[in-house]
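*Asks:* Following this message is one structure expressed as structure tokens.
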Amino acid sequence: VQAISLVINRIIDNNIIYYFKPMILLIDADSLIFASCYRAKNDVNYELYPDNFYYDIEDSINKFNEQYMKIVNDLEELYTIENIVTFNGSKGNFRKQLNTSYKANRKKQVLPPLLHPMHQYVKDNYNSKYCYGMETDDLVARYWKTLSEEIGRNEVMIVSIDKDYKQFPCLIYNYHHKHKVILDISQSEALYNFYEQMIVGDTADNVNFFKGKGKKFAEKYFVNCRTKYQYTKKMYELFIKEYKGKAKLRYIECFNLLKLRT
């Protein structure tokens with residue numbers, strides 16, 4: 001994965017004229033909204049609230065707006081932003097019907113009291129996109145697929161800290177303060193990333209079909225794989241070894257839990 005900075009320039013009459021690459025941003029706002037419900041550690045009242053939640057929605061709104069605009073402003077230094085599409089708050093995830101344990105590890109999690117009001121705020125004020133029956137990242141993936149085919153994958157960028165988008169050959173801006181990097185995922189990297197995730201699983205979503213097998217195992221196991229057929233064949237062989245007669249059902253289940261819908 002390569003971090004890229006796509007600022008192009010040419011010189012005319014000793015003056016530098018900058019040409020910024022046009023870009024459509026697809027912002028997955030779910031994580032931004034969640035973070036906006038918590039006080040920052042430099043908040044003057046941080047120590048007064050053990051749960052660190054905001055209780056005044058204006059505080060959460062201000063934090064969200066500030067973070068959102070910071071992302072846009074940072075990217076405007078590299079691109080001409082032609083359009084921004086915001087996504088949040090999709091409901092009725094079909095994956096919970098496939099496997100009742102999907103995200104079951106989150107049931108005991110105490111949600112911020114302003115989480116739902118903030119989702120509604122973003123829907124109302126950012127004209128955000130959402131759907132019923134799948135997750136926000138499925139909807140983002142669908143928009144990315146359509147736009148990348150219509151105008152080219154280099155003119156569309158997903159803005160998110162979610163690693164699941166790495167299963168696509170796309171541009172991703174990870175805005176997390178520890179990263180702040182633009183990723184350019186190639187077709188071969190995207191293919192590997194998805195099948196690696198089928199082995200490694202997703203702890204956050206409670207998906208783990210091969211306990212004890214991680215990235216190092218996947219790297220060695222797929223060392224000779226180049227095509228989708230080769231990856232699929234090797235992956236299915238591992239399911240047969242692990243699940244015997246239930247291999248096909250478990251393979252389909254794992255694939256559908258992890259594959260984003262386009």
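*Asks:* Please state which of the following conditions SER148 fails to meet, knowing it meets all the rest: (1) under 16 Å from the mean Cα position of the chain (by Cα); (2) within 30 Å of THR80 (Cβ to Cβ); (3) crowded, with 18+ Cβ neighbours inside 10 Å.
*Replies:* Here SER148 clears every test but (1).
*Asks:* So, one more: I'd like to verify a number: residues in region 100-154 that are among the hydrophobic types (A, V, I, L, M, F, W, C) and touching a Cys at 6+ places or on another chain (Cβ under 8 Å), how many?
*Replies:* So the count comes out to 5.
*Asks:* Can you tell me which residues in region 151-202 are more than 13 Å from the chain's Cα centre (by Cα), over 18 Å from ALA218 (Cα atoms) and small (Gly, Ala, Ser)?
*Replies:* Scanning region 151-202 gives GLY152, SER186.
*Asks:* Whether any residue in region 163-185 is closer than 20 Å to GLY92 by Cβ and modelled with pLDDT of 95 or more is what I want to check. First the steps, then the outcome.
*Replies:* Residues of region 163-185 closer than 20 Å to GLY92 by Cβ: 164.
Of the ones still in play, those that are also modelled with pLDDT of 95 or more are 164.
Yes - at least one qualifying residue is present in region 163-185.
The values are calculated or read from the model by the stated rules, or taken from the named source; none is laboratory data. Nothing here was measured: the structure is a model prediction, and the numbers come from that model. Cβ atoms come from the backbone with ideal geometry, glycine included; neighbour counts cover every protein chain shown.
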